Amino acid sequence: MKVLKIISLKKSFDGKKVLEDISMTVYRGDIYGFLGPNGSGKTTTLRILLGILCHDEGKVAVLNMDPSLDGERLRRRINVLPESHGFYGWMRAKDYLRFFGQLYGLQLAAADCRMHLDQVGLDPADRRPIRTFSRGMKQRLGIARSLLNNPELLFLDEPTNGLDPKGRREIHDLLLKLNREKEMTVVISTHILDDVERLCNRIAILHNSKIQYEGPLFAPVTGKSIRYRFHFADDKNIPSTWNVPGISCQEIKGQWATCEIKDIHPDKALRLLVQKGIPITEAIQVNSGLESIYLSYTASGKA
Amino acid sequence: MRYLITLIKKECVEEIISSRGAAFYLVGCGVLSVFSLLLVSNTELSLLDNAQAVYMMSAIIIALALLITVIRGSDGFAGERERETLETLLITPVSPAGVAIAKLMALIFSWWVVFILSIPYLWAVGSTGQNLLPAFQYLWVAGTLLVVIFGGFTLALSARMKTLKGALSIGLTAFLLCGSPILLGPSLRQSTVGRIIDLINPFAEALNMLDSVVVDSLGVLFQIVPLAILVFYSIAAIWVLNKATRRVEL
């Protein structure tokens, strides 16, 4: 089921084209990566999808609603973590959640606030005003706010900005859990490709005001290769010919073989190798292919 | 529209709790203290008629409230835009017009706080004379209408301007232009041009009304026309604010 559909979206500011013929589709349960260099139009697209910016041409449907006409009704069912989200510094975290909860028609009890703060790793007993929070703490609070109304569709603009590796991992786990348990659809706009690799099943790459690629994350569909290093228990057992379609051996060094996987899903490739009795003890992804895909699509033109 | 109450509550609390809000009241009290001391000394020395002192104190209270209104109104949207809190607010199921109404209500609340704070000062200046009660009544009515007018227009400006600095400079210029006719001497104000300026200027209209109530002791019938003009301006300000906030660009 489609939760978001954009067809031939166009938007200009003072005659300058920011979005040109943008089309994309997000399905229920997707974790969708929205990638693109700075100034490529990601935030503009996001604002159009939220109904706080009008588009010039094209069709936009979010949860079967037109954001420009049903903005308020739509925003009850979705939520957003904008990239630059300011905070009312004089409020405390609980007051902040209670205030935004009320805007969604929710009366949050103390236990609800505790649960929301706890789920993003903030101390519910912290009574300091938000202005004293670190950037990472503010980011966590922003994520807690964006989950208040249990949204069907969640837009996250650079969600792991300012978070330490542990914090990033916790937010990844939280998003995966919400996606799995509540079938929450998530659209992530980010530059951190590691986030995309860990979370997303589908991506779109926006560059030069156009969608350059839209589809599954993994390289097979994109025609790009992923490099893997396989470890063998014994260097004598490394086969000279692999005879597995889509896998080509590039280099063998000791007990390690470096291979390129192309036109086949990496999970399937590994399964095939094991089925063929090739005695792999460890497989390490050298590059996911996403970085090379991203760079190849965004290499031309200005950043 | 349940969220409206939430927004109004938040705006009003922010008026009091935030350091910027509290600073306005503190400075306001300082200004009123200085002027009331000056006016009481002049009255005691019989340099100034008591009714005239009450009228002047009322004018100072209104001017102070309007200055706060213009500064807070300019900050309404443009300031939130600069502090990046506007986007967070607009991505919730609230309409920009709803946010504008909440902000206007907070400006009226702010005026009522100033009014309450000014009661002892006005009392100190005019307790020995007459017309103090009508002065309080008309000050409250005229002040509320003026805050709606100036607050509505400056909030509309703030919604359309990208920067706080721009909104504030235009707002303050408009405020000074409205205040300038009262600096004209009595003879100039009685001229045709002076009368026209007085008629179209809501600030002058309110002060003339206070003058006729406090100094000339004129009844309510004489206040109908200036009140009607102030109400007309208030409606116009709300209409402009509604138009300006149909869609707020970030």
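The values are calculated or read from the model by the stated rules, or taken from the named source; none is laboratory data. No experiment lies behind these values; they were computed from the predicted model shown. Neighbour counts run over all protein chains shown; Cβ positions are idealised from the backbone, glycine included.
Could we say that A:His85 is more than 14 Å from chain B (Cβ to nearest Cβ) and of a type outside the set (Ser, Thr, Tyr) here?
Considered against the rule, which asks whether it is more than 14 Å from chain B (Cβ to nearest Cβ) and of a type outside the set (Ser, Thr, Tyr), A:His85 comes out as no.
Identify, from the list B:Gly73, B:Gly30, B:Gly21, B:Gly98, the residue that is facing another protein chain (nearest Cβ under 10 Å), assigned to a helix (DSSP H, G or I) and over 30 Å from A:Pro151 (Cα atoms).
Unique residue meeting the criteria: B:Gly21.
Taking interchain pairs and intrachain pairs at least six residues apart, which have beta carbon atoms under 9 angstrom, with the first residue in segment A:35-49 and within 12 Å of chain B (Cβ to nearest Cβ) and the second surrounded by fewer than 22 Cβ atoms within 10 Å (Cβ to Cβ) and aromatic (Phe, Trp, Tyr)?
Note: pairs meeting the criteria are A:Thr44/A:Phe13.
Which of the residues spanning segment A:50-82 are of a type in the set (S, T, N, Q), touching a residue at least 12 places away in the same chain (Cβ under 8 Å) and more than 9 Å from chain B (Cβ to nearest Cβ)? Reasoning before the result, please.
As a first pass, look at segment A:50-82 and keep what is of a type in the set (S, T, N, Q): A:64, A:68, A:79.
Checking the rest, the ones that are also touching a residue at least 12 places away in the same chain (Cβ under 8 Å) come to A:68, A:79.
Listed by number, the list holds a single entry, A:Ser68.
Go through segment A:67-173 and tell me which helices (runs of 4 or more DSSP H), entirely inside it, have 2 or more residues that are exposed (fewer than 15 other Cβ atoms within 10 Å of the Cβ) and either assigned by TED's automatic domain parsing to the domain that holds A:Arg198 or modelled with pLDDT of 90 or more (or both).
Helices (runs of 4 or more DSSP H) meeting the threshold: A:67-77, A:110-119.
Can you name the helices (runs of 4 or more DSSP H) wholly within segment A:199-303 that have at least 2 residues being of a type in the set (Gly, Ala, Ser), at pLDDT below 80 and surrounded by 13 or more Cβ atoms within 10 Å (Cβ to Cβ)? So that I can check it myself, show each step before the final result.
Working: elements: A:219-222, A:266-275, A:290-298.
Fully inside segment A:199-303 and qualifying: A:290-298.
Among the residues of segment B:212-232, how many are surrounded by fewer than 20 Cβ atoms within 10 Å (Cβ to Cβ) and either touching a residue at least 40 places away in the same chain (Cβ under 8 Å) or part of a helix (DSSP H, G or I) (or both)?
Summing the residues that are surrounded by fewer than 20 Cβ atoms within 10 Å (Cβ to Cβ) and either touching a residue at least 40 places away in the same chain (Cβ under 8 Å) or part of a helix (DSSP H, G or I) (or both) in segment B:212-232 gives 13.
Only one of these conditions is not met by B:Gly79: (1) buried (at least 24 other Cβ atoms within 10 Å of the Cβ); (2) within 11 Å of another protein chain (Cβ to nearest Cβ); (3) within 21 Å of the chain's Cα centre (by Cα). Which number is it?
(1)
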